[in-house]
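J.: Following this message is one structure expressed as structure tokens.
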Amino acid sequence: MRLKLQITFLLLMHSMLCFSQTELKMEKKIDSLFAKYNSETPGVAVAVLEKGKVIFEKGYGMANLEYDIPITPKTIFHVASVSKQFTTFAIYLLEKEGKISLADNVQKYIPEVPDFGKPITIQHLCSHTSGLKDQWGLLTLAGWRLDDVITTEQILKLVSKQKELNFTPGTQFQYSNTGFTLLAEIVERASGMSFPEYVNKKIFQPLGMTNSQFYDDHEKIVKNRAYSYANEDGIYKKRKLNYSNVGATSLFTTVEDLAKWARNFEEPTVGDQELIKRYNEGTVLESGEPAILAVLNGETIYHAKGQFFRRYKGLMLYNHTGGDAGFRAYLARFPEKEFSVITLSNEASFDRLGNGLTIAEFYLKDDLKQRKEQVPKKEKSKIEKEENFNTNLSEFEGEYFSPELTTSYQIEQKNGQLIMSHRRLSDVELIRIGENKFRGTVYFNIELEFIKDNSSEFKGFYVSNFGAKNVKFAKLPK
């Protein structure tokens, strides 16, 4: 009996020693990955979860460069679009309570949303298939800076003025932050609680996410939060964020709390297996085709309620990134291995997807299949030859106004170049890419197409960016 106990003890010690060596090896790899972060730089917090247990967590760099506060696993970050999965989960909980249906018309709860001819449902909002123009795309075209104070009320007013959608609801997939702001508003109006209160009561408290909140007041004090930065010519500068809107963004949380959230998908405390199964199902268009984000290295990336999923080197992966100001967030779940990686950074250049997947590969390399990386082909811009342009730049000059955005732009020719100016923004140099087409940058890349009336004079233009298509501006009389 004593011999058996001794053998068991030795095997246990050997197992513990091997496990400790593996832990140390992984820590060294992750340390090496983030070796550039120190007491003079922003940085990143990391957590790794396996089979319900946090097997690694650590902070690198500084949460605040002005007061020399280091990042730890308890540091609170703004996680931008990682917020979306909490918003849609709250919707599914609300449906389970019988207070809404995913098939409900959005106007049932938010009558301010215009009638676009075909109903927009809650399901459309959850799946980026509503056709609604993106709020950031619209706000920047309307002359807003992304570090302005932006509230839910202002976004709702902007939505209420829209005349057209990007496409008929349910027929296409296009990323739209607007839908998730509306989802948060629906939660508030249907539950009788503010959106932050509902999520705190129904999700954060049951999961023990004590350092998490939806931040709907840009003046609110949050202890232990990180501030965001960007490196410009070797010097770190602050990247301010004054959002007071929730749903599409504005979750404040830690890697420790997000590990608890990831665990809930394997061992549900909030919701149940049936709800989570439905929640993880991919978005389907009215045609019956799945919603596809992209095809990367031969892997098709699909969408499911604030998450994207694919077979990553043979393993199922659910993930989403986030980026606002200098914050960069990443949450990845490999459900077949009950394995998750979370990285939260306050440096604008942080490679959230690349670093997150690199950490995953440290641990899962024996389960991942090797594949040849494919470099995406760059599409060449179609620019007509200058001698084919029949229109003089002076014909485009004038002031153009959009009633949907309640803003105007002045178009002028200066030194042989067409310039687009707004009273709140820097001047935009318009590059000609066609007879009546131009491109430039108003926070995001834009394209303009000038349109003529029956007298062959230009009467306005349509402008598009990543999330707002064909916003019309009419030329004002002189």
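J.: Looking for something among the polar types (S, T, N, Q), touching a residue at least 40 places away in the same chain (Cβ under 8 Å), in contact with a Leu (Cβ under 9 Å, 6 or more places away or on another chain) and under 24 Å from residue 301 (Cβ atoms) - is there at least one such residue anywhere in region 134-151?
T.: Yes, the conditions are met somewhere in region 134-151.
J.: Let me ask something else. Can you pull out the residues in region 131-159 that are of a type in the set (Lys, Arg) and more than 22 Å from residue 115 (Cα to Cα)?
T.: Result: 145, single match.
J.: In addition: State yes or no: is residue 131 outside any helix (DSSP H, G or I), in contact (Cβ under 8 Å) with a residue 24 or more places away in the chain, touching an Asp or Glu at 6+ places or on another chain (Cβ under 6 Å) and of a type in the set (Gly, Ala, Ser)?
T.: So residue 131 fails the test.
J.: Return a yes/no flag: does region 97-105 have any residue that is more than 25 Å from the chain's Cα centre (by Cα) and more than 27 Å from residue 307 (Cβ to Cβ).
T.: So far as region 97-105 goes, no, none of its residues is more than 25 Å from the chain's Cα centre (by Cα) and more than 27 Å from residue 307 (Cβ to Cβ).
J.: In region 444-478, what residues are part of a loop (DSSP other than H, G, I, E, B) and crowded, with 17+ Cβ neighbours inside 10 Å?
T.: Result: 465, 467, 468, 469.
J.: Taking into account only those residues within region 439-461 that are in contact (Cβ under 8 Å) with a residue 60 or more places away in the chain and farther than 16 Å from residue 145 by Cα, which is nearest to the chain's Cα centre (by Cα)?
T.: That would be 461.
J.: Could I ask something else about it? When you scan region 205-224, how many residues do you find that are of a type in the set (A, V, I, L, M, F, W, C) and either closer than 16 Å to residue 249 by Cα or not assigned by TED's automatic domain parsing to the domain that holds residue 272 (or both)?
T.: 1
J.: Considering only residues that are surrounded by 16 or more Cβ atoms within 10 Å (Cβ to Cβ), touching a residue at least 40 places away in the same chain (Cβ under 8 Å) and within 16 Å of residue 279 (Cβ to Cβ), which ones fall in region 86-123?
T.: 86, 87, 88, 89, 90, 91, 92, 93, 94, 100, 122 - these are the residues of region 86-123 that are surrounded by 16 or more Cβ atoms within 10 Å (Cβ to Cβ), touching a residue at least 40 places away in the same chain (Cβ under 8 Å) and within 16 Å of residue 279 (Cβ to Cβ).
J.: Look at residue 51 and say whether it is in contact (Cβ under 8 Å) with a residue 60 or more places away in the chain and assigned by TED's automatic domain parsing to the domain that holds residue 124.
T.: So residue 51 does not fit the description; no.
J.: Still on this structure: Consider residue 102 carefully, then state whether it is in contact with a Cys (Cβ under 9 Å, 6 or more places away or on another chain) and either in the same structural domain as residue 80 (by TED's automatic domain parsing) or on the phi > 0 side of the Ramachandran plot (or both).
T.: Yes, satisfied.
J.: Quick one: is residue 304 under 30 Å from residue 238 (Cβ atoms), in contact with a Gly (Cβ under 9 Å, 6 or more places away or on another chain), surrounded by 18 or more Cβ atoms within 10 Å (Cβ to Cβ) and small (Gly, Ala, Ser)?
T.: So residue 304 does not fit the description; no.
J.: Within region 332-345, does at least one residue satisfy the condition of being closer than 30 Å to residue 145 by Cβ, at pLDDT 95 or above and outside any strand (DSSP E or B)?
T.: No; the residues of region 332-345 include none that is closer than 30 Å to residue 145 by Cβ, at pLDDT 95 or above and outside any strand (DSSP E or B).
J.: Next question, about the same structure. Looking at residue 343, is it buried (at least 18 other Cβ atoms within 10 Å of the Cβ), within 21 Å of residue 175 (Cα to Cα) and among the hydroxyl-bearing types (Ser, Thr, Tyr)?
T.: So residue 343 fails the test.
J.: Still on this structure: Could we say that residue 44 is touching a residue at least 12 places away in the same chain (Cβ under 8 Å), under 21 Å from residue 214 (Cβ atoms) and buried (at least 20 other Cβ atoms within 10 Å of the Cβ) here?
T.: Answer is no for this residue.
J.: Quick one: which of 274, 286 is exposed (fewer than 13 other Cβ atoms within 10 Å of the Cβ) and without any contact (Cβ under 8 Å) to a residue 60 or more places away in the chain?
T.: When all the criteria are applied, what remains is 274.
J.: Suppose the filter is more than 27 Å from residue 146 (Cα to Cα), surrounded by fewer than 20 Cβ atoms within 10 Å (Cβ to Cβ) and over 20 Å from the mean Cα position of the chain (by Cα); does residue 237 pass it?
T.: No; evaluated as a whole, the condition is false for this residue.
J.: Checking residue 52 against (1) farther than 27 Å from residue 175 by Cβ; (2) touching a strand residue (DSSP E or B) at 6+ places or on another chain (Cβ under 9 Å); (3) surrounded by fewer than 16 Cβ atoms within 10 Å (Cβ to Cβ), only one condition comes out false. Which one?
T.: If we test residue 52 against (1) farther than 27 Å from residue 175 by Cβ; (2) touching a strand residue (DSSP E or B) at 6+ places or on another chain (Cβ under 9 Å); (3) surrounded by fewer than 16 Cβ atoms within 10 Å (Cβ to Cβ), just (2) comes out false.
J.: Residue under question is residue 412, and the condition is that it be over 33 Å from the mean Cα position of the chain (by Cα), under 25 Å from residue 145 (Cα atoms) and free of Cβ contacts under 8 Å to residues at least 24 places away in the same chain; does it hold?
T.: The answer is yes for residue 412.
J.: Using beta carbons and a limit of 6 Å, which pairs, at least six apart or on different chains, have the first residue in region 464-478 and over 19 Å from residue 421 (Cα atoms) and outside the structural domain of residue 450 (by TED's automatic domain parsing) and the second one at pLDDT 95 or above and not in a loop (DSSP other than H, G, I, E, B)?
T.: From residues that are over 19 Å from residue 421 (Cα atoms) and outside the structural domain of residue 450 (by TED's automatic domain parsing), there are no pairs.
J.: Looking at residue 188, is it outside the structural domain of residue 81 (by TED's automatic domain parsing), free of Cβ contacts under 8 Å to residues at least 40 places away in the same chain and within 22 Å of the chain's Cα centre (by Cα)?
T.: Against the criterion (outside the structural domain of residue 81 (by TED's automatic domain parsing), free of Cβ contacts under 8 Å to residues at least 40 places away in the same chain and within 22 Å of the chain's Cα centre (by Cα)), residue 188 does not qualify.
One line per residue, one yes/no per condition, for (1) assigned to a helix (DSSP H, G or I); (2) farther than 27 Å from residue 171 by Cβ:
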{"site": "258", "(1), (2)": "yes, yes"}
{"site": "269", "(1), (2)": "no, yes"}
{"site": "274", "(1), (2)": "yes, yes"}
{"site": "288", "(1), (2)": "no, no"}
{"site": "321", "(1), (2)": "no, no"}
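The values are calculated or read from the model by the stated rules, or taken from the named source; none is laboratory data. What you see is a predicted model, and the numbers here were worked out from it, not measured in a lab. Note that we place each Cβ from the backbone using ideal geometry, even for glycine, and neighbour counts take in every protein chain shown.
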